[in-house]
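K.L.:
Mind looking over this structure? Questions follow.
Nothing in this text is a laboratory measurement; each read-out follows from the coordinates by a stated rule. All of these numbers come straight from a predicted model, not from anything done at the bench. Neighbour counts run over all protein chains shown; Cβ positions are idealised from the backbone, glycine included.
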Amino acid sequence: MEQFNFKYDGFSLANTVLSESKLLPNKIQKGVGAIDASLSLHGDQIESQIKFTGNKLSFDFGDQDQSKNKFDQIVQSIVRSIDMIDLVARIKGTQDDLAFSLNSNLDDLFVDKTREILSKEVDEAKNKIKARVDTEVAAQRQKLDDLIKEKESQLTAQVEKYEQIVNQQKAVIETKKKRSKTALPRTKVNWRKKRKTCLSFNQ
């Protein structure tokens, strides 16, 4: 069995070209990398592991910074938040039948960041909708308040008008009462004198 190990730490990743994809950054602006590799040979069996770690990363998107596409903006936002990449590649099997696997922290990071961004977008949309509804409700409430005030003013004016009419009628009635008392004075009749007159006539 033969065993080989290789380790290289602290090399610069600045200006490392990555991709010409419209979704991914063109290159790494700055960062520090490390590689830790191992290879085991046992007869015709091969087993190898290569681990790459990138730290203190920042990316250059070039002209993509001006992208207005929502999906592109989400991808760029996720990539910009990445400051560490951890990749582990494994090879196992025979020379004619090798199995390859690659694991990375990027999978979980993209899922978590996408969920976070979408949740934020949903919250912003909900807040905008709520603000619009509140504005419409406030406008309708103001219209209702104005209508209620208008009807209250009309009702108050109508009540005052009827009160004025009632007061006028009461005044007329009171005036008529006073006039009736003045027009019909009480007179006293001297019944004794009339009786004497009647008696004198009979004699």
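K.L.:
Let me know the Rg and Dmax you get for the chain when you use only its Cα atoms, in Å.
P.N.:
51.9, 181
K.L.:
Counting pairwise Cα distances across segment 106-173, what percent come out greater than 16 angstrom?
P.N.:
72 percent
K.L.:
Run the dipole for segment 106-173 about the Cα centre, Lys and Arg Cβ at +1, Asp and Glu Cβ at -1, nothing else charged, and hand back the magnitude in debye, nearest 20.
P.N.:
The dipole magnitude comes to about 440 debye.
K.L.:
At each listed q (0.10, 0.13, 0.20 Å⁻¹), what is the log10 of I(q)/I(0) that the Debye formula gives for segment 2-104 modelled as equal alpha-carbon point scatterers?
P.N.:
Log10 of I(q)/I(0), two decimals: -0.40, -0.61, -0.98.
K.L.:
Taking the Cβ-Cβ separation of residue 88 and residue 9 as r and a Förster radius of 22 Å, what is the calculated FRET efficiency to the nearest 0.05?
P.N.:
For residue 88 and residue 9, the calculated efficiency is 0.85.
K.L.:
Give, rounded to the nearest 20 debye, the magnitude of the charge dipole that the chain has about its Cα centre when Lys and Arg contribute +1 at Cβ and Asp and Glu contribute -1 at Cβ.
P.N.:
Approximately 6120 debye in magnitude.
K.L.:
Residue separation times 0.36 nm, minus the C-alpha to C-alpha distance between residue 163 and residue 29: what's the value?
P.N.:
Here the segment from residue 163 to residue 29 would lengthen by 39.6 nm.
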